[in-house]
Amino acid sequence: MLISIPFELDFRLRIDNGMEGRMIIAWLFGLVRIPVNMDKQADPKSVKEISRPVKKRKRGNSRKAMAIVRRPGFALWSKRLFGRLLDSIRIYHLYLKLRLGLDDPADTGRLWALAGPVSVLLASIPGANISLAPDFCQAQFSVESEGRVRIYPVQFIIVLLVTWLSPSTWKLFYSRER
């Protein structure tokens, strides 16, 4: 019964050299309010490079994932799931500005080949102002975000369960590619 009551997230986040932000989680129509402080400053002296032994990567998992993505019907399935999950979230206001760059401009281009279409989908969300931009000149990760959203947990859980238990999902993920 309690998961049928929606909760609201009111947040502001900025990540550049450090992370600063705040979030307030309100539940029971504002009677329960939980403030969360997300401030962390980057200390350049504490940043150490970690050297790990290079392990041979298994290719099986990425091949399986790519085989699923390439299957006919995956795009339609993921579009429907994304739309149904968005129906369980009410966006009052959402602003997101993300700037991402890697050391090598070619790697940034490969990453942008994946992130570019996602940014177009995210820009079509009503009530949201979302901007994803690549930085080909330097390695960079910066985020500015603020917003207020209401989440209906019971609806979110029902969408995930119905999707997971549907025969089309089992057929998509567990049938063999021929």
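The values are calculated or read from the model by the stated rules, or taken from the named source; none is laboratory data. Note that the structure is a prediction, hence the values are computed from the model and not measured. Quick reminder, even Gly has a Cβ in these numbers, built from the backbone with ideal geometry, and neighbours come from all protein chains shown.
Quick check on segment 44-51. Is at least one of its residues of a type in the set (Ser, Thr, Tyr), at pLDDT below 80, exposed (fewer than 11 other Cβ atoms within 10 Å of the Cβ) and out of contact with any Cys (no Cβ under 9 Å at 6 or more places or on another chain)?
yes
Of these, THR163, THR169, which one is more than 23 Å from ILE25 (Cβ to Cβ), touching a Lys or Arg at 6+ places or on another chain (Cβ under 8 Å) and either hydroxyl-bearing (Ser, Thr, Tyr) or free of Cβ contacts under 8 Å to residues at least 24 places away in the same chain (or both)? Working first, answer last.
Numbers: THR169 fails: touching a Lys or Arg at 6+ places or on another chain (Cβ under 8 Å).
Going through THR163, THR169 in turn, the sole match is THR163.
THR163 fails exactly one of the following numbered conditions: (1) polar (S, T, N, Q); (2) at pLDDT below 85; (3) more than 27 Å from MET1 (Cβ to Cβ). What is the number of that condition?
So THR163 meets the others, but not (3).
List the pairs whose first member sits in segment 23-34 and is surrounded by 12 or more Cβ atoms within 10 Å (Cβ to Cβ), whose second member is not hydroxyl-bearing (Ser, Thr, Tyr) and not in a strand (DSSP E or B), and whose Cβ atoms are under 7 Å apart, counting only residues at least 6 apart or on separate chains?
Hits for this filter: MET23/MET38; TRP27/ILE5.
Name the pairs whose Cβ atoms lie under 9 Å apart, with the first residue in segment 128-157 and under 19 Å from GLY18 (Cα atoms), the second in a helix (DSSP H, G or I), and 6 or more positions between them or separate chains?
So the pair list comes out as ASP135/THR108; ALA139/THR108.
Considering only segment 56-172, give the helices (runs of 4 or more DSSP H) lying wholly within it that have at least 3 residues that are under 30 Å from MET38 (Cα atoms). Walk me through how you get there before you give the answer.
Numbers: elements: 60-70, 74-87, 105-123, 153-165.
Ranges flagged: 74-87, 105-123, 153-165.
Taking the options TYR152, TYR174, TYR92, name whichever one is out of contact with any Leu (no Cβ under 6 Å at 6 or more places or on another chain) and crowded, with 16+ Cβ neighbours inside 10 Å. If you could, list the steps in order and put the result at the bottom.
Numbers: TYR174 fails: crowded, with 16+ Cβ neighbours inside 10 Å; TYR92 fails: crowded, with 16+ Cβ neighbours inside 10 Å.
Within the list TYR152, TYR174, TYR92, the selection yields TYR152.
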